[in-house]
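Below is one structure; the comments refer to it alone.
The values are calculated or read from the model by the stated rules, or taken from the named source; none is laboratory data. Note that the coordinates shown come from a computational prediction; the quantities given were computed from them, not determined experimentally. So basically every Cβ, Gly included, is an ideal-geometry build from the backbone, and we count neighbours across all protein chains shown. All accessible areas refer to the heavy atoms of the entire protein, side chains included, with ligands and DNA or RNA removed. Shrake-Rupley method; radii C 1.70, N 1.55, O 1.52, S 1.80 Å.
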Amino acid sequence: CNGVVNSIDSVLIVQLTTGVVQALPCPKNGDVDVDGAAGIIDAALILQFTARIVDTLPPSVPPNLGEPGTATLTVGSAVATIGETVFVELGALEITEPGLGAWVIDVVYDPSIVTAEACIAQQGGVCNRHFENDTVRVAGASAGGLQGDIELASITFRCHAQGVGGVAIAPAVVADATVASP
């Protein structure tokens, strides 16, 4: 609400998306793509503006957007005994140009077998291991686009019951870093 657009505004929107904060102080200011709500694409556009990749908010769409980028999302696996903790990585592989610009990915697990003890986001993202009872949410944004193979988060699970518990990923938003129009 201070009238200055900077990366802190982007972080607040990422925190909102992951449920770390429940509301923005000035919600209308966060909706830079003017779609009716502040979301992860707005965070990416704010970073593009802060890095002077785009000149205005809302940005004007360039006439030639080119081909969208692609990526493969992965989640690791582990075997643990009761009481043991294990680390599982959430990653994106083979990210092509223009790169990964914004992401909201839910990691869903069986809480009757494991619990999420910790989550460390990489690439400037944010984790919320308490997003839902059975879900860790990872979100982030990049101004220039991430390419290649990257780790998005490392999640620590603790086994508390015998059994087989799957861990699955549910991408809510995976957007490339097309300038002004992810």
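Sorted by packing (mean other beta-carbon atoms within 10 Å per residue), highest first, where do 146-158, 127-139, 22-34, 42-54 land?
Highest to lowest by the protection proxy: 42-54, 127-139, 146-158, 22-34.
Taking Cα pairs under 8 Å and at least six residues apart, what relative contact order does segment 1-116 come out at, in percent?
20 percent
Determine, for each peptide in 72-85, 99-112, the mean count of other beta carbons within 10 angstrom over its residues, then list the peptides with the highest first.
99-112, 72-85
Karplus couplings for segment 132-147 from phi (6.51 cos²θ - 1.76 cosθ + 1.60, θ = phi - 60°), rounded to Hz, Gly and Pro as x?
9, 4, 10, 9, 9, 10, 10, 9, x, 8, 9, 6, x, x, 8, 10
With volume of the Cα convex hull per residue in Å³ as the read-out, I listed (i) 103; (ii) 214; (iii) 115; which label goes with the value calculated from this structure?
Entry (i).
By how many degrees, 0 to 90 and rounded to 10, does the Cα axis of helix 7-18 deviate from the longest principal axis of the chain?
40 degrees
Any chance you could give the angle, 0 to 90 degrees and rounded to 10, that helix 40-50 forms with the longest Cα principal axis of the chain?
For 40-50 against the chain, the angle is about 50 degrees.
Find the accessible area per residue for the chain; the probe is 1.4 Å, ligands and nucleic acids are left out, and the unit is Å².
Values: 9280 Å² over 182 residues.
Computed with neighbouring chains in place, this is 51 Å² per residue.
Calculate what fraction, in whole %, of the accessible area of segment 3-66 sits on carbon and sulfur atoms when a 1.4 Å probe is rolled over the protein chains.
About 59 percent, which is the carbon plus sulfur part of the accessible surface.
Can you compute the helix-only [θ] at 222 nm over the chain? Use -39500 (n - 2.57) per DSSP H run of at least 4 residues, normalise by all residues, nearest 500 deg cm²/dmol.
For the chain, the value works out to -4000 deg cm²/dmol.
Can you list the cysteines of the chain that have no other Cys Cβ under 4.7 Å away?
C159
Can you send over the carbon and sulfur percentage of the accessible area for segment 78-147, probe radius 1.4 Å, protein chains only?
Solvent-exposed carbon and sulfur of segment 78-147 make up 49 percent of the total.
So what is the relative contact order for segment 83-182, in percent, with contacts set as C-alpha pairs under 8 Å and at least six apart?
Relative contact order here is 46 percent.
Assuming R0 = 35 Å, can you tell me the calculated FRET efficiency for the pair D110 and V21, based on Cβ-Cβ distance, to the nearest 0.05?
That pair, D110 with V21, gives E of 0.80.
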